Amino acid sequence: MGSRLTVAGRELAGLRAEKTILLAIGIQLFIAAFSSFLVVGLVSMYDPGALDAAEIEVAASGDAVDGLERAAADVEGVGVTTYVDAGAARDAFDRNAADAVAVANRVDAGDGGGDRIAVRVTAPDATVETTVLVVQLREVLRAYELDERRDRAAYLTESPLPLPAQSGSSPYFTFTYTVLIPVLVFLPVFISGSLVVDSITEEIDEGTLELLRVAPVTLGEIIDGKALAAVAIAPAQALLWLLLLRANDTPVANVPTILVLMTALTALVVALAVAISALAPDRRAAQFLYSIGVLALFGGATAMAGGPANAVARLAIDSADATTTALVVAYAAIAAVAYVGVRWIVAENGFDR
């Protein structure tokens, strides 16, 4: 009878392990199927100006409106219509004949400081296109400011500080290395921890954990088996993501070091998942506590200068220094200590019911 229970327990554990791995792969494939849409959508939130400029119409007025018109001509997708006064411009805005209002007037600075230009902009509140509209208006005002600086440079008694050179880097490049790659690397980490919580709490709920303990294995070895499956699949998924980026002409440097870092973080998150499963065997409570714990863990780490996301970004663009390497080693050491400690405590005390 004992051997039959052992076989049944192993079969159930094997089915759950296969289900865990297939679920993780399925989530990754689902995300990959919409990766292009995700990149475009996330870039639009990261830098709305990176997308093709939207066509907007600005109702403008004031005694300095001519300079505003010249500046708008240098910004793609922005049209300016002048009105006799601010009231007429706002009426056009109220009739939806214009997307925004800009009133540019010259203001006496006093004390012999000449005049200044004040631009008051009115934009719609809390609409879908507000973000893009504000970005476009910001570019117009920047162009206006640069034009005025150039025109007034001859009247300065002292040479002003030189303007910083404008960066020509693509926002897609910045987004890819600072946001997309860290997300793709850490997503399997979060999934692995969640799957461990589900796997252990399901074993406890169904009573199959006792069947597994009939086999000639210790509770610590059972935990090791579940943790090993979760930890091993995470770097494999991350490696596939990084290879896919390389296949799409996005080079990623220091791939082995990145995988070591994310494997260490996976072990740390899995240790957290095992500890939570021991404290709260109920699946819903365990998943809630796991989510809160992961948010606190990675939120606190992100606030640090050498946080995991920053380390992955620096490794990916090959700008890591000795400090980054030391941080990778430190994360690996912390993960090893955390897992060994949690495993020993759970193996000695078992899971609460």
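List, please: which pairs have Cβ atoms under 6 Å, are six or more places apart or on different chains, and start with a residue in the range 81-94 that is within 13 Å of R120 (Cβ to Cβ) and end with one that is open to solvent by 50 Å² or more (accessible area, probe 1.4 Å)?
The qualifying pairs are A89/Y83.
Filter the range 302-325 down to residues that are loosely packed, with under 15 Cβ neighbours inside 10 Å and part of a loop (DSSP other than H, G, I, E, B), then give me how many there are.
6
Residue by residue, here is whether (1) in contact with a Pro (Cβ under 8 Å, 6 or more places away or on another chain); (2) crowded, with 17+ Cβ neighbours inside 10 Å; (3) not assigned by TED's automatic domain parsing to the domain that holds A236 holds:
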residue: N254; (1), (2), (3): no, yes, no
residue: I258; (1), (2), (3): no, yes, no
residue: L261; (1), (2), (3): yes, yes, no
residue: Q287; (1), (2), (3): no, yes, no
residue: L295; (1), (2), (3): no, no, no
residue: G300; (1), (2), (3): no, no, no
residue: L327; (1), (2), (3): no, yes, no
residue: A336; (1), (2), (3): no, no, no
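In the list I317, I276, I292, which residue meets the criterion of being touching a Gly at 6+ places or on another chain (Cβ under 9 Å) and at negative phi?
Step by step, each of I317, I276, I292 is checked, and only I276 is touching a Gly at 6+ places or on another chain (Cβ under 9 Å) and at negative phi.
In the list T208, T157, T218, which residue meets the criterion of being among the polar types (S, T, N, Q), over 25 Å from the mean Cα position of the chain (by Cα), modelled with pLDDT under 80 and open to solvent by less than 20 Å² (accessible area, probe 1.4 Å)?
T208
Please go through the range 302-325 and pick out each residue that is without any contact (Cβ under 8 Å) to a residue 12 or more places away in the chain and either outside the structural domain of F190 (by TED's automatic domain parsing) or not hydroxyl-bearing (S, T, Y) (or both).
Within the range 302-325, A303, M304, A305, G307, N310, R314, D321, A322 qualify.
Please enumerate the residues belonging to the range 55-80 that are acidic (D, E) and in contact (Cβ under 8 Å) with a residue 12 or more places away in the chain.
Scanning the range 55-80 gives E55, E57, D63, E69, D74, E76.
What pairs come up if the first residue lies in the range 129-153 and is at pLDDT below 80, the second is of a type in the set (F, W, Y), and their beta carbons are under 7 Å apart, counting only those six or more places apart or on different chains?
Cβ pairs passing all conditions: none.
Give the residues of the range 64-89 that are modelled with pLDDT of 85 or more, surrounded by fewer than 17 Cβ atoms within 10 Å (Cβ to Cβ) and assigned to a loop (DSSP other than H, G, I, E, B), sorted by residue number.
Hits for the range 64-89 are V84, D85.
The values are calculated or read from the model by the stated rules, or taken from the named source; none is laboratory data. All figures in this text were calculated on a predicted structure; none of them were measured in a lab. Note that we place each Cβ from the backbone using ideal geometry, even for glycine, and neighbour counts take in every protein chain shown. With ligands, DNA and RNA removed, areas are computed over all heavy atoms of the protein, side chains included. Shrake-Rupley method; radii C 1.70, N 1.55, O 1.52, S 1.80 Å.
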